[in-house]
Amino acid sequence: MAARAALFDRPELFSKKVRYDYLFELETWIKGLEAFLQIENLPLSPEERGRTAIRNYVDEVAIARDALVHVGRVTQKLLGEGKEDFASFLQYLERQIAAGAPEPGRRDSRLARAEVEIASAVEKIEDFVRIFDELSRAPYIGQATYVSSGRAVLRSLREDPHLGVFFREDLLPLFDSVDKRTLARIMDRVSDRRSKRELGTLFIGLFKGLHYADVASASMARPASRRRTLVLFSRIWSLAHSLSDYIRTMLLKDEPATSGRAEALDRLLFSTDMELRKVLEGELVDVAHLKESRLAQERMENACGILRDLFQQNILALAEVYAGPVDSRKIFPEHVTRRQQSLRLREELWGLVVSCRRFQESPDKKRLEALLDELASFRRGGMKYLMFKDWTAFDRFASGFSRDCTTKTFLSASHQFEIFTKTLIREIGKRQVLVDEPFAPRGLEKEGAAT
């Protein structure tokens, strides 16, 4: 596995024009499709997970169809300028298996075979696109049909002589020269061979997660490709759970429960679980059914922000556990620390308190609209730093204010929401990262602390 994955540290194997972009994109979307076609990786609320056997999967089938179309397009590109790269890729893998030098003229033969085989793979994908297109027009698709159709397409892709390689191989994420130097310095500080191997495995997975989040950000920006982006979120969910299982089964089993490393890894597992639930059981629930694409984009953008921050936090935490103190700005110059997140969250919550109080003082339409704007802004911004257990209560308050009622009807709800928000501010103030940062609220006269 390691020897083959090292291919992506060997750019000389590829043409200067194309290199490995098509191959990495293929792996991203094929593995995304593999995850999305398994129900446990779908973005569902806890209630929906309790009734997966009776829900309608028509929207999910349509999304899988869109992802298949994209896989076909990327594969089709290999018939043009990417063909030589794909032939090099296949020849490299064959050489790793055979452990022998290529025979004279082998590359020309490999190139000719690759063209025929790629064309066959494209035709196979197009067949499944037609099937999924017909299924997506049905009024109802049950769980059994969704699972069975998913198994059929994945089995066919796995058995393909060359697309199947993307199921079997884990290709390395792409590092720029700055990342390589920074990570090399961290790895050099780890003397124990086993620890170096463990840290390297986790770094590869986490940086790959960052790469998937970047691909998702680019995909969701275009309305035509927005819904199929959910396939990538399923892949991220699956990858993150695999990394968590690796930590539990391989790293913690022999680690004393009271050691500093065990405590740090336990914290990492807990935060990973909470943040993943924010995304798959919160932000992305019902996105597949949303008709208003702007709202879908906002929810996906929030999900990407949460995941990107999670992977960066985990990389920094692991670097500190295995190699000692690190400067986060040298690894992620744009990184927002937990302290900065907590400070921003507290300030934005206080902004909601101010808006609530002003509405109570003058319950007119203008003040209510200002409060609703503040709620929407918080939903897009600081809410991702709120504990997931508080999301449901916050959403309940926010949806209550959106009802079509007279402004005075919301006075009682506004007062209750103010109390709820102040409670959140007090809880945030208890975080260890804010122990030396007492809260000094601003914006209301004669208002003391938020207690």
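Any residue at all in region 263-272 that's buried (at least 19 other Cβ atoms within 10 Å of the Cβ) and among the aromatic types (Phe, Trp, Tyr)? No, region 263-272 has no match at all.
Scanning region 30-73 for residues that are within 16 Å of the chain's Cα centre (by Cα) and assigned to a helix (DSSP H, G or I) gives ILE30, LYS31, GLY32, LEU33, GLU34, ALA35, PHE36, GLU40, ASN41.
Tally time: how many residues in region 378-400 are surrounded by fewer than 16 Cβ atoms within 10 Å (Cβ to Cβ) and among the aliphatic types (A, V, I, L, M)?
Step one: of region 378-400, the residues surrounded by fewer than 16 Cβ atoms within 10 Å (Cβ to Cβ) are 380-381, 387, 389-390, 392-393, 395-396, 399-400.
Remaining after also requiring among the aliphatic types (A, V, I, L, M): 387, 393.
Residues meeting the conditions: 2.
Going by the conditions given, is LEU239 closer than 26 Å to THR28 by Cα and without any contact (Cβ under 8 Å) to a residue 24 or more places away in the chain? Taking the combined requirement at face value, the residue does not satisfy it. Count of region 393-427 residues, restricted to those that are modelled with pLDDT under 80, closer than 25 Å to LYS278 by Cα and assigned to a helix (DSSP H, G or I), is 8.
For region 113-154, the set of residues classified as among the β-branched types (Val, Ile, Thr) and either closer than 16 Å to ASP66 by Cα or part of a helix (DSSP H, G or I) (or both) consists of VAL116, ILE118, VAL122, ILE125, VAL129, ILE131, THR145, VAL147, VAL153, listed by residue number. Of the residues making up region 353-369, those that are surrounded by fewer than 15 Cβ atoms within 10 Å (Cβ to Cβ) and either charged (D, E, K, R) or part of a helix (DSSP H, G or I) (or both) are GLU361, ASP364, LYS365, LYS366, GLU369. When region 356-392 is filtered for residues that are within 33 Å of the chain's Cα centre (by Cα), polar (S, T, N, Q) and modelled with pLDDT of 80 or more, only SER377 remains. Identify all residues within region 247-295 that are touching a Ser or Thr at 6+ places or on another chain (Cβ under 7 Å), of a type outside the set (Val, Ile, Thr) and farther than 19 Å from SER45 by Cβ; write none if there are none. If the condition is that a residue be touching a Ser or Thr at 6+ places or on another chain (Cβ under 7 Å), of a type outside the set (Val, Ile, Thr) and farther than 19 Å from SER45 by Cβ, then LEU269 is the only one that fits.
Within region 186-198, residues that are assigned by TED's automatic domain parsing to the domain that holds ARG248 and surrounded by 16 or more Cβ atoms within 10 Å (Cβ to Cβ) have Cβ atoms under 6 Å from residues that are in a loop (DSSP other than H, G, I, E, B) and not hydroxyl-bearing (Ser, Thr, Tyr) in these pairs: LYS196/VAL190, counting only partners at least 6 apart in sequence or on another chain. Can you spot a residue in region 283-304 that is surrounded by fewer than 19 Cβ atoms within 10 Å (Cβ to Cβ), among the β-branched types (Val, Ile, Thr) and either on the phi < 0 side of the Ramachandran plot or part of a loop (DSSP other than H, G, I, E, B) (or both)? Yes. Only one of the numbered conditions (1) at pLDDT 55 or above; (2) farther than 15 Å from LEU23 by Cβ; (3) surrounded by 14 or more Cβ atoms within 10 Å (Cβ to Cβ) is not met by PRO102, and that is (1).
Within region 221-244, the presence of at least one residue that is at pLDDT 90 or above, over 14 Å from the mean Cα position of the chain (by Cα) and surrounded by 13 or more Cβ atoms within 10 Å (Cβ to Cβ) is confirmed.
Restricting the first member to region 369-394 and to residues that are over 15 Å from GLU418 (Cβ atoms) and among the small types (Gly, Ala, Ser), and the second to residues that are modelled with pLDDT of 80 or more and assigned to a helix (DSSP H, G or I), the beta-carbon pairs closer than 7 Å and six or more apart or on different chains are GLY381/GLU348; GLY382/ARG344; GLY382/LEU345; GLY382/GLU348.
The values are calculated or read from the model by the stated rules, or taken from the named source; none is laboratory data. Fair warning: this is a prediction, and the values are worked out from it, not measured in the lab. Reconstructed Cβ throughout: ideal geometry from the backbone, glycine too, with neighbour counts over all protein chains shown.
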